[in-house]
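S.K.: My structure is below; once you've seen it, I'll send some questions.
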Amino acid sequence: MRLKIFVILFFISLSAFSQKVENDSIIGDSIYISQELPTVQVLELKKNPMKAALYSAVLPGLGQIYNRKYWKAPIVWGLIGTGVGITVWYQNKHDEYRTAYIAELNNEPNKYHGVYTKEVLARAQDFQKRNRDYAIALTILAYAVNILDATVDAHLFEVRKDKDLQIQPVTIYNPATNNLSPGLALKLNID
């Protein structure tokens, strides 16, 4: 019984002290800081990943230019241009073999008459068609990687500006083998 009375009195006394408020120490709903906070320099050079992806989708390489990675744009143009060129070349070869195959079936003269049989022309036609399809698939893959690269580059644009975290190439000396080998050094400055 004594314990119950003690607990009740203890909680009543806590609530009595919690009602005391001094108006001069609290100003509204704000926090008072006695020291001036240091200023932080924020870089406003943000890149919008959606804009970079849209630019690369409309014109391959434009997203890389938007991200200021100018050296990547000619690589993208070369990859996609090469893919389109190879696709066109295989399509022309396919059409050439197909025309010769149809002419051979109709016993008409053609470029390969007497050189290749009907079966060889049919296989050559299928081979060119298959390679054309592979070239189309690889060109689509290069186009998708172009968009993905521009998007990731825009996301990582502000991370590259961090002076506290650096990755640098270094040479590492191995005393056991007495050789130098290439490596990467991760430098983290904690202030």
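Just so it is clear, none of the values below were taken in a lab; they were calculated from the coordinates. Not measured: the values here are computed from a predicted model. Cβ placement follows ideal geometry from the backbone for every residue including glycine, while neighbour counts extend to all protein chains displayed.
S.K.: Please tell me which of these pairs span more than 28 angstrom C-alpha to C-alpha: K46/K187; K46/K72; K51/K72; K51/K93; K69/K129? Display every interim value, and only then the final one.
M.R.: On the way: K46/K187 24 Å; K46/K72 19 Å; K51/K72 17 Å; K51/K93 39 Å; K69/K129 36 Å.
Over 28 Å apart, Cα to Cα: K51/K93; K69/K129.
S.K.: Around N131, under 15 Å between beta carbons, what's the net of Lys plus Arg minus Asp minus Glu among the other residues?
M.R.: Around N131, the charge tally is +2.
S.K.: For the ranges 89-97, 174-182, 68-76, what's the packing order if you count other beta-carbon atoms within 10 Å of each residue, average per peptide, and put the highest first?
M.R.: With the highest mean Cβ count within 10 Å placed first, the list reads 89-97, 68-76, 174-182.
S.K.: Would you tally the net charge around V88, using a Cβ to Cβ cut-off of less than 12 Å, leaving V88 out, and scoring K and R as +1, D and E as -1?
M.R.: With Lys, Arg at +1 and Asp, Glu at -1, the net is +1.
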